[in-house]
Amino acid sequence: MTAAEEVLEELSKLGNPEQAEAVARYMKTSSLEFIGVKIPLIQKTVTKFTKGLSTEQLVTLMEELWKQTIFESRVAAIRVLERYAKRGDIASALDTASRWIDDVDTWGLMDPLGTLCVGTLLLRNRSIEKTLTEWSMSENFWRRRASILPYLHLSKKSVYKDEYTERILHAIRPHISDKEFFVGKAAAWVLRELSKREPETVKAFIDQHRDVMTRLVIREASKKLKW
């Protein structure tokens, strides 16, 4: 059996029909099959079957997993890409993420793909911001969301540095007036996370841009702030 076949077999064994039904309703996507495996178990499965694999083998595994029109298989593919993003070729990993974005129709795939995978690449090489800027102007709202989520990664406590603040705010500024729910929600999410590190800076940013921000962004971005 190939590594992909082994992962799929393991996921099938872990599947739960009731869980599959619940997750399908929650993800609100009609294009994928659900077998009902919780995220921690998917992660555990990926860890089990990627031990000792070379970067080339990771590429083969993640592409085979992504080909499956099964939600859990694609989550597993993203987790493998996350591993590849940490030590593989940056341009190749970014190209893979970009191709996969065109297949995405649920936040359940977009969020780990944008935050964990592209966020890891951004941390390794700032030059990919040029690509993220291009994504930010896309008509595809999932791609616009993907241009924001890497900055959520930079805002996390375990990753954040003071020098990231202006980069983060600059990146989300074009999206604070975006009326697409999934785009505005992502911008607010980044601001809320950043506010845990830099509350006064985020307050000042909201005050400065309040007139153009959607109510969604203002409400969600302010949740951790004390006014």
Would you check which residues across segment 206-220 are surrounded by fewer than 17 Cβ atoms within 10 Å (Cβ to Cβ) and under 14 Å from Val190 (Cα atoms) and list them?
-> Ile218, Arg219
Any residue in segment 2-25 that is under 19 Å from Thr106 (Cα atoms), loosely packed, with under 13 Cβ neighbours inside 10 Å and free of Cβ contacts under 8 Å to residues at least 60 places away in the same chain?
-> yes
Among residues belonging to segment 54-84 that are of a type in the set (Val, Ile, Thr), assigned to a helix (DSSP H, G or I) and free of Cβ contacts under 8 Å to residues at least 40 places away in the same chain, point out the one that is nearest to Tyr26 (Cα to Cα).
-> Val75
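Working only within segment 191-205, note down all residues that are among the acidic types (Asp, Glu) and open to solvent by less than 40 Å² (accessible area, probe 1.4 Å).
Step one: of segment 191-205, the residues among the acidic types (Asp, Glu) are 193, 198, 200.
Within segment 191-205, just Glu193 meets the criteria.
Looking for something polar (S, T, N, Q), open to solvent by 30 Å² or more (accessible area, probe 1.4 Å) and under 21 Å from Ser138 (Cα atoms) - is there at least one such residue anywhere in segment 169-190? Break it down stepwise before answering.
Step one: of segment 169-190, the residues polar (S, T, N, Q) are 177.
Narrowing further to those that are open to solvent by 30 Å² or more (accessible area, probe 1.4 Å): 177.
This time we only want the ones that are under 21 Å from Ser138 (Cα atoms), so: 177.
Within segment 169-190, one or more residues are polar (S, T, N, Q), open to solvent by 30 Å² or more (accessible area, probe 1.4 Å) and under 21 Å from Ser138 (Cα atoms).
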Return yes or no: is Arg87 within 19 Å of the chain's Cα centre (by Cα), within 27 Å of Gln19 (Cβ to Cβ), in contact (Cβ under 8 Å) with a residue 12 or more places away in the chain and open to solvent by 10 Å² or more (accessible area, probe 1.4 Å)?
-> no
If His153 passes every condition in (1) surrounded by fewer than 13 Cβ atoms within 10 Å (Cβ to Cβ); (2) under 19 Å from the mean Cα position of the chain (by Cα); (3) assigned to a helix (DSSP H, G or I) but one, which one does it miss?
-> (1)
Any pair with Cβ under 6 angstrom, 6 or more apart, that starts in segment 202-227 at a residue that is on the phi < 0 side of the Ramachandran plot and outside any helix (DSSP H, G or I) and ends at one that is surrounded by 11 or more Cβ atoms within 10 Å (Cβ to Cβ) and of a type in the set (Gly, Ala, Ser) = Val212/Ser177; Thr214/Gly184; Lys224/Ser195; Leu225/Ser195
Considering residues of segment 156-179 that are in a loop (DSSP other than H, G, I, E, B) and of a type outside the set (Lys, Arg) only, the residue farthest from Glu198 (Cα to Cα) = Asp178
Please work out which one of (1) closer than 21 Å to Val80 by Cβ; (2) part of a helix (DSSP H, G or I); (3) open to solvent by less than 20 Å² (accessible area, probe 1.4 Å) is the condition Val104 fails and give its number.
-> (2)
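The values are calculated or read from the model by the stated rules, or taken from the named source; none is laboratory data. Source: prediction; values computed, not measured. Heads up, the Cβs are rebuilt from the backbone with ideal geometry, glycines too, and the neighbour counts pull from every protein chain shown. The protein model used for the area step is the full one, side chains on, heavy atoms only, and it has no ligands, DNA or RNA in it. Shrake-Rupley method; radii C 1.70, N 1.55, O 1.52, S 1.80 Å.
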